Amino acid sequence: MTRKKIVAGNWKMNLDYAEGISLFSEIVNIVRDEKKGDQLAVICAPFIHLNSLAKLGGDTVKIGAQNCHQNESGAYTGETSAKMIKSVGCEYVIIGHSERRQYFAESDELLAQKTVIALQNGLTPLFCIGETLDERNNGTYFEVLKSQLTNGVFGLNAEDFAKIVIAYEPVWAIGTGLTATAEQAQEVHAFIRKEIAAKYDASVADATSILYGGSCNPKNAAELFAQADIDGGLIGGASLKSRDFADIVKTFNA
Ligand code: 13P
């Protein structure tokens, strides 16, 4: 079973419109010239940028949103629906990023609803899980991750689960420069895959792409991505530099 290799950038709340277009154009040009292989490059941008980026990216760089609302439509002032995101040509949506869980109090149950609505609208959820530093240090991280999976995505049937991507982002490694070691990340990725196999079956687990996120950069990507259960990365800071992001994509060059 060959699962998809994916390098996805998460721009978070950075870059005005002109800056976003300019950075994205650079990324598309470098990736088009230098990527060799079938790895997927994805940029998850602020809503404001999505329509234009989706037209510029073509097949070279796919586009994703960073969030969506859990309902199809309605009186939810200020929100953006999965259908709207899909309608501008996006293919992906990040769901459950730790910043959404932490600053916007998004619960596993809410994230489960967002996952369902994203799938119903033909988007691929990049579903994030991850433990805090306290949870890592007190040894409860496997329980925490299992509960995020159980309550967030294990309600899906196997057919729907097969359409999602999991991203393991230890909260203590996000934006801190503290990357999980390749061994620490591999340990957790293998655990996630084992839990997927226990919930569904080995073939579903084998086919699921599991990305690592947290201070991933061109220097550490090769070692991380060489691990048996790491299928790519979700990249924050380094996705704001075209050369760095493209170099991480190139880690998978054949
Ligand atoms: P950094 O790569 O900046 O640590 O961010 C990771 C992240 O949160 C991606 O979603």
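A single member of G232, G236 is touching a residue at least 12 places away in the same chain (Cβ under 8 Å), open to solvent by less than 60 Å² (accessible area, probe 1.4 Å) and at positive phi, and it is G232. Say whether the condition of being of a type in the set (G, A, S), modelled with pLDDT of 95 or more, outside any loop (DSSP other than H, G, I, E, B) and over 17 Å from the mean Cα position of the chain (by Cα) is met by at least one residue in the stretch 208-219. Checked against the condition, which is being of a type in the set (G, A, S), modelled with pLDDT of 95 or more, outside any loop (DSSP other than H, G, I, E, B) and over 17 Å from the mean Cα position of the chain (by Cα), the stretch 208-219 yields no hits at all. The one condition from (1) over 21 Å from A8 (Cα atoms); (2) open to solvent by 70 Å² or more (accessible area, probe 1.4 Å) that D59 does not meet is (1).
Of all the numbered requirements in (1) open to solvent by 50 Å² or more (accessible area, probe 1.4 Å); (2) in contact with a helix residue (DSSP H, G or I) (Cβ under 6 Å, 6 or more places away or on another chain); (3) polar (S, T, N, Q), S203 misses one, and that requirement is (2). In a residue-by-residue description of the stretch 169-179, the property of being touching a strand residue (DSSP E or B) at 6+ places or on another chain (Cβ under 8 Å), more than 11 Å from the ligand (Cβ to nearest atom) and not small (G, A, S) applies to no position. Beta carbons closer than 6 Å, at least 6 apart along the sequence or on distinct chains, pair a first residue in the stretch 164-187 that is part of a strand (DSSP E or B) with a second that is of a type in the set (A, V, I, L, M, F, W, C) and within 11 Å of the ligand (Cβ to nearest atom) for V165/L126; A167/L126; A167/C128; A167/L211; A167/L234. Scanning for something within 29 Å of D59 (Cα to Cα), among the small types (G, A, S) and touching a residue at least 24 places away in the same chain (Cβ under 8 Å), does the stretch 126-148 turn up at least one residue? For the stretch 126-148, residues within 29 Å of D59 (Cα to Cα), among the small types (G, A, S) and touching a residue at least 24 places away in the same chain (Cβ under 8 Å): absent.
Are any residues in the stretch 72-117 within 26 Å of V171 (Cα to Cα) and either hydrophobic (A, V, I, L, M, F, W, C) or assigned to a strand (DSSP E or B) (or both), and if so, which ones? First the steps, then the outcome.
Going residue by residue through the stretch 72-117, those that are within 26 Å of V171 (Cα to Cα) are 79-80, 82, 91-117.
Passing the criteria: A82, Y92, V93, I94, I95, F104, A105, L110, L111, A112, V116, I117.
F191 - would you say it is more than 16 Å from the ligand (Cβ to nearest atom), farther than 19 Å from D38 by Cα and open to solvent by less than 60 Å² (accessible area, probe 1.4 Å)? When the stated conditions are applied, F191 passes them.
Being farther than 19 Å from I85 by Cβ, open to solvent by less than 60 Å² (accessible area, probe 1.4 Å) and within 16 Å of the chain's Cα centre (by Cα): is that true of L111 here? Steps first, please.
Numbers: farther than 19 Å from I85 by Cβ: no; open to solvent by less than 60 Å² (accessible area, probe 1.4 Å): yes; within 16 Å of the chain's Cα centre (by Cα): yes.
Spelling it out, it is not the case that L111 is farther than 19 Å from I85 by Cβ, open to solvent by less than 60 Å² (accessible area, probe 1.4 Å) and within 16 Å of the chain's Cα centre (by Cα).
Among the residues of the stretch 38-45, is any within 16 Å of the ligand (Cβ to nearest atom), without any contact (Cβ under 8 Å) to a residue 60 or more places away in the chain, assigned to a loop (DSSP other than H, G, I, E, B) and surrounded by 15 or more Cβ atoms within 10 Å (Cβ to Cβ)? The answer is yes, given that some residue of the stretch 38-45 is within 16 Å of the ligand (Cβ to nearest atom), without any contact (Cβ under 8 Å) to a residue 60 or more places away in the chain, assigned to a loop (DSSP other than H, G, I, E, B) and surrounded by 15 or more Cβ atoms within 10 Å (Cβ to Cβ).
Out of the stretch 78-108, which residues are among the aromatic types (F, W, Y) and either in contact with a Pro (Cβ under 6 Å, 6 or more places away or on another chain) or open to solvent by 40 Å² or more (accessible area, probe 1.4 Å) (or both)? Within the stretch 78-108, Y103, F104 meet the criteria.
What residue, of Y103, Y141, Y168, is of a type in the set (F, W, Y), modelled with pLDDT of 95 or more and under 16 Å from the mean Cα position of the chain (by Cα)?
Working: Y103 fails: under 16 Å from the mean Cα position of the chain (by Cα); Y141 fails: under 16 Å from the mean Cα position of the chain (by Cα).
Only one candidate passes the filter, namely Y168.
Residues in the stretch 205-236 that are more than 17 Å from I63 (Cα to Cα) and within 11 Å of the ligand (Cβ to nearest atom): Y212, G213, G214, S215, C216, N217, N220, A221.
The values are calculated or read from the model by the stated rules, or taken from the named source; none is laboratory data. Keep in mind it's a predicted model, so treat the numbers as computed, not measured. Cβ atoms come from the backbone with ideal geometry, glycine included; neighbour counts cover every protein chain shown. Keep in mind that these areas ignore ligands, DNA and RNA; they rest on the heavy atoms of the full protein, side chains included. Shrake-Rupley method; radii C 1.70, N 1.55, O 1.52, S 1.80 Å.
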